[in-house]
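What follows is one structure encoded as structure tokens, with my remarks underneath.
The values are calculated or read from the model by the stated rules, or taken from the named source; none is laboratory data. Keep in mind that what you see is a predicted model, and the values were worked out from it rather than measured. Glycine also receives a Cβ, built like all others from the backbone with ideal geometry; neighbour counts cover every protein chain displayed.
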Amino acid sequence: GRGAASEPIDLEVRAGEILGIAGVEGNGQSDLVEAIVGLRPALAGSIELQGRPIHGLPVAARAALGLAHVPEDPRRTGLLLGFPVSWNIGLRHFRRAGRAPRRWFVDFRALRRLAAEAIATFDVRGATSDRPAGQLSGGNQQKLVLARELSTRPAALVAVNPTVGLDVGAQSFVYETLRAERDRGTAVILVSTDLDEIEALADRIAVLYRGRITGIVPPGSGYRDRVGQLMGGMDVAAAS
């Protein structure tokens, strides 16, 4: 949720880990995510990907270096709804290059091939290469975003409330996909206001309150009480 992330944030996510970011909506989640992926400038400090500073780079350059982003609302910010599935899949590959492979030229055959592979791998039901993304169900639109963002084997993935509005089957698919990315060695940042989701997926949980990290705790016995206190702004000693 929108909120002012005005405090310095010292946060590290490791390769092969899902780091959950928990917090009541409106405590700086949007500002934090937008600073990481390049949609807003970081006010100070450094953002690094595999030891390389990226805080001064635009979105496309960060994507080219291996940063993927699954936004909270794919219909509004993650997809070109009026464009074919193939074009939506191709966006990730164009961003990695910084532009289309050749000026004024798009290889439609290659786009369709990429789309067909993504549709099959991620079980995007009802999709064809030429079907507009806006005609897919919400769950299949989310699968399409995941297919695009993971098609280039990113080093890091930022996923924001990735199962909001999805049915149980689509939710399970998203969970399995995020776990598989972690097991492949991807550093995953899961920003969610759903504590059940955080508990199901996260290896560590960082709590965001009024734009600052108030503690990092491992999931396990008694963790919910500690997370709840941190989400409410209580000064609780947390284990990292």
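Listed values, structure above:
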| item | result |
| --- | --- |
| Restricting region 61-77 to residues that are in a loop (DSSP other than H, G, I, E, B) and touching a strand residue (DSSP E or B) at 6+ places or on another chain (Cβ under 8 Å), the residue that is farthest from Pro162 (Cα to Cα) | Leu65 |
| Hits in region 128-172 - residues which are acidic (Asp, Glu) and in the same structural domain as Val59 (by TED's automatic domain parsing) | Asp167 |
| Pairs, first touching a residue at least 24 places away in the same chain (Cβ under 8 Å) in region 63-83, second of a type in the set (S, T, N, Q) and crowded, with 19+ Cβ neighbours inside 10 Å, C-beta under 7 Å, six or more apart | Glu72/Asn161; Pro74/Gln141; Pro74/Gln142; Arg75/Gln141; Leu79/Asn88; Leu79/Gln141; Leu80/Asn88 |
| Total residues in region 162-186, condition surrounded by fewer than 20 Cβ atoms within 10 Å (Cβ to Cβ), of a type in the set (A, V, I, L, M) and under 16 Å from Asp203 (Cβ atoms) | 1 |
| Candidate set: region 13-37, residues that are within 13 Å of the chain's Cα centre (by Cα) and not aliphatic (A, V, I, L, M); chosen: the one farthest from Val164 (Cα to Cα) | Glu34 |
| Counted residues, region 13-45 - those being modelled with pLDDT of 90 or more, part of a loop (DSSP other than H, G, I, E, B) and either under 25 Å from Arg92 (Cα atoms) or in contact with an Asp or Glu (Cβ under 7 Å, 6 or more places away or on another chain) (or both) | 7 |
